[in-house]
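Trainee: Starting off with a structure, shown below.
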Amino acid sequence: MTHTAAQGSPLAPEWLAVPDDLNALHEPMWAGDAARNADGELASGGIPVSELQRQYGTPLFVMSENDFRARARAFSDAFNNAFADICGGVDVYYAGKSFLCTAVVRWVEEEGLRLDTASGGELAVAYRAGIPGADVALHGNNKSDGEIHRALDMGLGRIVVDSLDELVRVGAIAQGRGEQAKVMLRLTPGVHAHTHEFIATAHEDQKFGLSMAADTTDEAGISAAEEAVAAASAHPGIELLGLHCHIGSQIFEPDGFALAAEKLLRFLAAMQEKYSITLPELDLGGGYGIAYTPVDTPRPAAEIANAMAAVVRSTCAELGIDAPRISIEPGRAIVGSTTFTLYEVGTLKTVRVDAPGTSGDGDAGNNVTYPRRYVSVDGGMSDNARPVLYDADYSAVLASRTSSAAPQLSRVVGKHCESGDIVVRDVYLPEDVAAGDLLAVPGTGAYCWALSSNYNYLARPGVVAVRDGSSRLIVRGETEEDLLNRDMGA
């Protein structure tokens, strides 16, 4: 029988059920090669967590290389199959902002994907990894002159321009070098994405993109997007490849993607007719959701691809235009579930919390006190800022052993001097969890290491790649010496 939240603590959110088996792994949240071994210990790539802790310490990001490659191939195969009859296939750009290092760039290239970057630093990683510049894109709403020059030096396949000001800057720099910059124009299609406000990026009132809404304050009444198309197509320093949009991140419903694709195709067709140009490419962004908790239901890559292909196919037929070459930018959906963060448990405490309940005489509405246990680990918001930034939910399991103890509602917290330093807000863990145990938090491959910090002068954790019984560091964990070497006061 599956217990409901009502059978657990009234302090738990409605979606959090008491698990039948605290030792089980909910598969969508984990890499395909994560499993408990014969001793009941969590292993990834065949390596038990106790061995990983002994060799690399904790906290530690544990990434499955095989799982990363499998998810990259799944997106490439699914989209190429779905769009084969429309535009000959799809260019899949791995969104490096989710997690980037030279090893990942090489995996991306070896699996036939391209790379999307968002800064000069990410370009530097790409360059060191040796990926051809033609397979790299550069994003960003405020690219510096140096970043634009670096993009041109590397021969980037596309620079995604975010505003009219930036279009002028990119065009002038390229023209001054006697070159043409390959440009995509990022548009905001005004599509509402069902996600956190801070990661929804296609509505008007935010910093990204060129508005597709007509400017009623201007005599010409054209949109910023159309103004950019006209300017870019006439600029000697610009080769206008096409259009780009991105409606947000961690999105499960396909409606927003379909609507954005339709709106951009209609705009593309209108611009081609009005300005007698060809826009051969259309980038539909990424943002596909993953499972962070047992109630998250990510869609398979093939389902996303087929739904988007149907919209592109029908809209192009209706408009009577040749389909542009489509590209997409999955990042989180490739890397997120490949990785878990391994922590060691330190202090524990239980507090009493008032919650609405039923009094002993049966009168509803009286407050009753319930226990909530705090489980402290040796990391926190410095290695996972998403809960404090986005109210992101995560889950956790006891990783170093199995337990037959009863479930207890727990809050996994970090060691920082912040009350908001919460790693997992609500999770059922065995009541016998104790100091020295290892916990694993799945789904930390995307935007955890990338957003990590040195708050309270904690060194950032390393990232270890596991594969077929072997492990290797792909990002070395920092040391106190690394932190002190930047302090120039002595």
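Trainee: Within the stretch 98-124, which residues are within 15 Å of ARG332 (Cα to Cα) and among the aromatic types (Phe, Trp, Tyr)?
Mentor: Selection gives PHE99 alone.
Trainee: Related question: Pull up the stretch 160-193, narrow it to residues that are more than 13 Å from ILE238 (Cβ to Cβ) and in a loop (DSSP other than H, G, I, E, B), then point me to the one that is modelled with the highest pLDDT.
Mentor: Per the stated criteria, the residue is GLY178.
Trainee: Which of the residues spanning the stretch 318-341 are assigned to a loop (DSSP other than H, G, I, E, B), small (Gly, Ala, Ser) and within 26 Å of the chain's Cα centre (by Cα)?
Mentor: GLY331
Trainee: Restricting the first residue to the stretch 131-154 and requiring it to be more than 16 Å from ALA95 (Cα to Cα) and in a loop (DSSP other than H, G, I, E, B), which pairs with a second residue that is open to solvent by less than 60 Å² (accessible area, probe 1.4 Å) and among the charged types (D, E, K, R) meet a Cβ separation below 7 Å and a spacing of at least six or different chains?
Mentor: Cβ pairs passing all conditions: LYS143/GLU166.
Trainee: Search the stretch 449-466 for residues being hydroxyl-bearing (Ser, Thr, Tyr) and part of a loop (DSSP other than H, G, I, E, B), and hand back the single one that is nearest to the chain's Cα centre (by Cα).
Mentor: SER452
Trainee: Is there a residue being open to solvent by 30 Å² or more (accessible area, probe 1.4 Å), in contact (Cβ under 8 Å) with a residue 12 or more places away in the chain and out of contact with any Phe, Trp or Tyr (no Cβ under 7 Å at 6 or more places or on another chain) anywhere in the stretch 356-366?
Mentor: yes
Trainee: Would the stretch 283-296 turn up any residue that is touching a Ser or Thr at 6+ places or on another chain (Cβ under 7 Å), of a type in the set (A, V, I, L, M, F, W, C), outside any strand (DSSP E or B) and open to solvent by less than 70 Å² (accessible area, probe 1.4 Å)?
Mentor: Yes, because at least one residue in the stretch 283-296 is touching a Ser or Thr at 6+ places or on another chain (Cβ under 7 Å), of a type in the set (A, V, I, L, M, F, W, C), outside any strand (DSSP E or B) and open to solvent by less than 70 Å² (accessible area, probe 1.4 Å).
Trainee: Would you pick out the residues in the stretch 388-432 that are outside any strand (DSSP E or B), open to solvent by 10 Å² or more (accessible area, probe 1.4 Å), out of contact with any Gly (no Cβ under 6 Å at 6 or more places or on another chain) and not polar (S, T, N, Q)?
Mentor: Passing the criteria: LEU389, TYR390, ASP391, ALA392, ASP393, ALA405, ALA406, CYS417, GLU418, GLY420, GLU431, ASP432.
Trainee: Of the conditions (1) open to solvent by 10 Å² or more (accessible area, probe 1.4 Å); (2) more than 25 Å from ASN384 (Cβ to Cβ); (3) touching a residue at least 24 places away in the same chain (Cβ under 8 Å), VAL125 satisfies every one except a single condition; which number is it?
Mentor: Against the list (1) open to solvent by 10 Å² or more (accessible area, probe 1.4 Å); (2) more than 25 Å from ASN384 (Cβ to Cβ); (3) touching a residue at least 24 places away in the same chain (Cβ under 8 Å), VAL125 comes up short only on (2).
Trainee: Among all residue pairs at least 6 apart or on different chains, which show Cβ distances below 8 Å where the first residue, located in the stretch 327-346, is under 19 Å from ARG114 (Cβ atoms) and open to solvent by 10 Å² or more (accessible area, probe 1.4 Å) and the second is modelled with pLDDT under 95 and in a helix (DSSP H, G or I)?
Mentor: As it stands, the answer is ALA333/ALA301, since those pairs meet every condition given.
Trainee: Further, regarding this structure: Filtering the stretch 467-490 down to residues that are assigned to a loop (DSSP other than H, G, I, E, B) and touching a residue at least 40 places away in the same chain (Cβ under 8 Å), which residue is farthest from ARG69 (Cα to Cα)?
Mentor: GLY477
The values are calculated or read from the model by the stated rules, or taken from the named source; none is laboratory data. What you see is a predicted model; the values in this text were computed from it and never measured. Glycine also receives a Cβ, built like all others from the backbone with ideal geometry; neighbour counts cover every protein chain displayed. Remember, those area values only see protein heavy atoms, side chains included, never the ligands or the DNA or RNA. Shrake-Rupley method; radii C 1.70, N 1.55, O 1.52, S 1.80 Å.
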